[in-house]
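Structure first, then comments.
No value in this document is a laboratory result; all are computed from the given coordinates. Just so you know, these numbers come straight off a predicted model, no measurement behind them. Positions of Cβ are backbone-derived with ideal geometry, glycine not excepted, and every protein chain shown enters the neighbour counts.
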Amino acid sequence: MGLYDFTFYDLIRRNALTFGDRPAWMEATDGRSVSFREFKQHVDRLACGLQRAGIAHGQRIAVLGKNSLEYFMLYGAAAALGAVVLPVNWRLSAEEVTFNINDGGAVMLMASAEYQPLVDGIREKLETVKAFFNLEPDRGGYDDFNTLLDAGASPDPVEVHGSDGLVIIHTAAVAGRPRGALLSHTNAVCANLCLNLCFSLTERDVHLNLLPLFHVGGLFMATASFHAGALNINMAKFDAAAAVDLIMRHDVSVMFDFSPILSSLLDEAEKSGKHISALQSVLGIDTPETIERYQKATGGTFYCLYGQTETSALATLGRYDDRPGAAGRIIPLADVRLEDEDGRPVAAGQTGEICVRGPMVFKGYWNLPEDTEEAFRHGWHHTGDMGRFDEEGYLWYAGRKPDKELIKPGGENVYPAEVEKAILAHPDVEEAVVFGVPDPKWKEGIKAVCRLREGATLAPADLTRFVGSRIASYKKPQYVQFVDELPRTAGGGIDRAKVKALYGGEQAPASGGS
């Protein structure tokens, strides 16, 4: 560590001294709890075990499992060694899991017992993994997690800088290939500080950790709460009834929301007669109806935002009531401007590509220098998203650029090209166009409009199941429509804009395909 560095492990060390015996993390399932001082002790022992197992600065450790104390400890232990965590989305297919692990070049894989059968099925395809460990102590068929904790009390010192990588999070598959976004210690610390400032988080707060730690929102909301000395209460799997009980019993004050989490909590509270009035701050993306219902029921504040993995989850943030429909104003540690197609800034009221620079911007795409160079052109990170600023500096999101269309069901990122590729693998499908449509549950749903091969017949639900067998289930279309012809452009290609205009109205779900 240099004179001006501050890493995630430095934060753990600082909090052990600052908050000592205050509770840092609690598991909702079994009630396990550790203080900030105990958390550092666990992290030091795990870092020692990883080091004795051969993990060195810059090497990647893949992890596949639900949120847990051990999962969060792994981030801290890797940070102490300068290693990089490669969290894998457990909703992905075996083929997608294989790609992400190989792409990151992980030398170690920690997997919970639940996902070890999947790993066993792809083990021979994992090109760089040399060691397999259980993520849960005393559970699973791999080397036991506890053996790492028994290797010693603390690791040999390693020089780690704030600019070093902390985590690689694979983004949605643009052009059919996921890209690993490398985020640094400084990215994490800056995200923490912005979230803490916006929420005024202190050690008196309690965060309900609902979002997965492979998601930038889940990870940095957990680290921000930790940074502030707040208690993280972890739910390995979301359950509305259990969450309402936790909010009541532990005065949970803050959480990150993607639709339909918040509406499920409100429904459960009304049904059970229980209250969630302690939940005074919610950050995320949801429908106006749900947001206003939450604020009326609790007197709390909903915060809207714009951000992506590449900007450490944040670029703008603000209270919903300040400007309903907007994504807030620029956060303190980011510079945001909107550009036209020639890279020139546009005036307030005009729409342009959202570009970001500052310590929130990621280090680049893993092993993709050309993609990184393209994204960072003109000294700004180009997000591929469109927006406009009003006269008071509020950002209004205007969707993806036409060449980078993105669908966000329940907060996940899905590129149409990836879904179309899976659909076209079906022998009965000749052509397909995939796009996002309004969805009452997920806020945005996935629709596929397809033309079948001559003489072929296919049920929408059968196509949906086929797609779900090839890529992650959350990427399969909720809505499928077969047509005789797709509109064409003057050049003979499919007119995607016209397809969306014709078939993007009120939807009927694919029977049996949700």
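Observations on the model:
- Karplus (6.51, -1.76, 1.60) ³J(HN,Hα), θ = phi - 60°, over the stretch 284-293, in Hz, Gly and Pro reported as x: x, 10, 7, 7, x, 4, 5, 4, 5, 5
- Built amide H within the under 5 Å cut-off of Phe482, gap 5+: Cys450
- Global form of the stretch 409-503, assessed from the alpha-carbon gyration tensor, a/c cut-off 1.5: oblate
- Rg over Rh [alpha-carbon atoms, Kirkwood Rh] for the stretch 220-379: 1.04
- A dipole drawn for the chain from +1 and -1 charges on Cβ atoms has a positive end, and of Ala172, Phe362, Ala240 the residue lying farthest that way is Ala240.
- Annotation: the residues Val346, Val84, sorted from fewest to most other C-beta atoms within 10 Å of their own C-beta, follow the order Val346, Val84.
- Report summary: the helix-based calculation at 222 nm, which adds -39500 (n - 2.57) for every DSSP H run with n ≥ 4 and divides by the residues of the chain, gives -9000 deg cm²/dmol.
- The mean sequence separation of alpha-carbon pairs under 8 Å and at least six residues apart, normalised by the residue count of the chain, gives a relative contact order of 11 percent.
- Couplings 3J(HN,Hα) of the stretch 215-232, computed from phi: 9, 4, x, x, 5, 7, 5, 5, 5, 5, 5, 4, 4, 7, x, 7, 8, 8 Hz, in residue order, whole Hz [Karplus 6.51 cos²θ - 1.76 cosθ + 1.60, θ = phi - 60°; x for Gly and Pro].
- With the convex hull drawn over the C-alpha atoms of the chain, the volume per residue is 155 Å³.
- Student exercise, the chain dipole from Lys, Arg, Asp, Glu Cβ charges, in Debye to nearest 20: 280 debye
- Fully extended contour minus Cα-Cα distance, from Glu159 to Asn367, at 0.36 nm per residue: 72.5 nm
- Averaging the Cα positions of each part gives two centres, and for the stretch 285-323 and the stretch 445-509 these lie 32 Å apart.
- For the stretch 183-292, the alpha carbon convex hull comes to 96 Å³ per residue, rounded to a whole number.
- Where a label projected 7 Å from the Cα of Thr128 along Cα→Cβ would reach, residues of the stretch 330-371 with amide N under 19 Å: 363-371
- Fully extending the segment from Glu392 to Gln280, taken as 0.36 nm per residue of separation minus the present Cα-Cα distance, adds 37.7 nm.
- Using the Cβ-Cβ distance between Glu114 and Asp342 with R0 = 56 Å, the FRET efficiency computed as 1/(1 + (r/R0)^6) comes to roughly 0.65.
- Annotation for Ala94 and Arg177: the two label points, set 7 Å from Cα along the Cα-Cβ direction, are 2.5 nm apart.
- Segments 292-305, 61-74 sorted - mean Cβ within 10 Å per residue, highest first: 61-74, 292-305
- In this calculation the C-beta distance from Arg249 to Ser473 is compared with R0 = 25 Å, giving a FRET efficiency of 0.20.
- Basic side chains Lys and Arg get +1 at the Cβ, acidic Asp and Glu get -1 at the Cβ, and with that the dipole of the stretch 384-434 about its Cα centre reaches some 120 debye.
- Fewest-first ranking of Ile55, Ile354, using other Cβ atoms within 10 Å as the exposure measure: Ile55, Ile354
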